[in-house]
1. Collect residues whose amide H, placed 1.01 Å from N in the peptide plane, falls under 5 Å from the amide H of ASP82; neighbours closer than 5 in sequence don't count.
2. Ranking GLU86, GLU34, GLU48 by Cβ neighbours within 10 Å, fewest first, what do you get?
3. Apply the Karplus curve 6.51 cos²θ - 1.76 cosθ + 1.60, θ = phi - 60°, to the phi angles in region 121-132 and return the couplings in whole Hz, x for Gly and Pro.
4. Fewest Cβ neighbours within 10 Å first, please rank PHE36, PHE62 accordingly.
5. Hey, what's the Cα Rg ratio for region 11-210 versus the globular rule of thumb, 2.2 N^0.38 Å?
6. Can you work out ³J(HN,Hα) from phi for every residue in region 71-76, in order, using Karplus 6.51 cos²θ - 1.76 cosθ + 1.60 and θ = phi - 60°, giving whole Hz and x for Gly and Pro?
7. If the cut-off is a Cα-Cα distance under 16 Å, which lysines reach LYS75, setting aside same-chain residues fewer than 8 apart in sequence?
8. Ordered by residue, what ³J(HN,Hα) values in Hz, to whole numbers, does region 84-93 give under the Karplus form 6.51 cos²θ - 1.76 cosθ + 1.60, where θ = phi - 60° and Gly and Pro are x?
Amino acid sequence: MLSKLFLGLSLVGAEWVLYLLFLLSILSVALIFERFRFYRVACQDLKEFRKQLRLHTAHGKFAEATQLAQTRTQKVSSSTPDLETEMALALLSQPKTSAGILTELAQDAVIRARLSWDKNLSTLATIGSNAPFIGLFGTVLGIIKAFHDLSQQNSAAGVQNVTAGISEALVATAVGLIVAIPAVIAYNLFQRKVKSALAEAEALKSFLVGKLANSTHS
């Protein structure tokens, strides 16, 4: 009874799987463009900001460094934050504070900003890792339907129709791979971008904490 139920569902074929993969491909492309725009906007002028901030802080010009961070904070949109501006402002706004407290303040700012940087990456990874299996599932359904049709026909024309059905079923696997490959590539590139940005933020945090901690003892 149960096997007949599943057979009935299988005989629907793989066409609905192709529609599902098409929707996933649209979602994947939308997420890729959204993340690309986010990282491009978030990193705009960041290298110059980092350079000027280090320069002011290295010469003990903490007021100028604070003003620089405040100015960038006003320019940066809350929907596309970088990992360094808010952290720098949080550190520079806490004079005469121990290195331990400064580190905690910096870590809090970085973690909150990272939530925006990691957004949608898990969805992209899920599409990339599961699209081939969805395509394979569609192929299996198509092959089941093809062999069921073969059992109902005995003519040579029937065999030809079945082989044509199997070739159509294999399209689902190919489409699944087409959907998955760009998603996986984009996910890996974006993950590398996030790791690189975190490394830069950690380096700037260590630099600022060291300079500010030394200033409290001088």
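No value in this document is a laboratory result; all are computed from the given coordinates. Predicted, not measured: the structure shown is a model, and the values here were computed from it. No Cβ is skipped: glycine too gets one built from the backbone with ideal geometry, and neighbour counts run over all protein chains shown.
1. none
2. Going from least to most buried by this count: GLU48, GLU34, GLU86.
3. 5, 5, 5, 5, 5, 5, 5, x, 7, 10, 4, x
4. Ascending number of Cβ neighbours within 10 Å: PHE36, PHE62.
5. Here the answer is 1.59, to two decimals.
6. Each residue's phi maps through the Karplus curve to give 5, 5, 4, 5, 7, 6 Hz.
7. LYS47
8. 10, 5, 5, 5, 4, 5, 5, 6, 6, 8
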